[in-house]
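Below: one structure, written as structure tokens.
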């Protein structure tokens, strides 16, 4: 292989020293011709076939109307992974009147939830396989049914996760000692049992149990 390259690019006696057959300008011209030939014979037909496929499903029209959204589908680097900021920026808590004792407790739970997500991000290995460990995307999937961000801007603008707070679980079930957060994935709603989440550790324990064994606590 090396001998072939040498023969292709150099001439003369090896003992006296060989000289290049081509100048830098010649190489530039040859390279340009090779690239032009490759684009003409390989890339353009591939792009034409891609366009035909897109037109078959009217995706060309969609791309023309929503170029930014479609850009992420074709350009390497788009990351649809959910992080804590994405979840926290779409929360819609139903809070009690400002200044009330209930509102103070609800605010604490909001803080616990934020700390919980941040702790998961800090402790989650980057190369961990999906589904093996508790993670922020898994929390998202438990609450909403999907573990990725919304592609369309219109979907992101409409997306909310509703937080409700149950202050009366002991009145409903006087003899129980513990209950867990309940989610309704179809409405993106989660209800927290306030009485059982008096500090971060109790909040964390109940959340971990609810997410890990979430099928038992889902509400359709």
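The values are calculated or read from the model by the stated rules, or taken from the named source; none is laboratory data. Every value quoted in this text rests on a predicted model; they were computed, and no experiment measured them.
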(request) Determine which member of the set 52, 104 is farther than 20 Å from residue 167 by Cα and at pLDDT 85 or above. (result) 52
(message) Here is a check on your reading of the model: is residue 160 on the phi > 0 side of the Ramachandran plot and under 20 Å from the mean Cα position of the chain (by Cα)?
(response) no
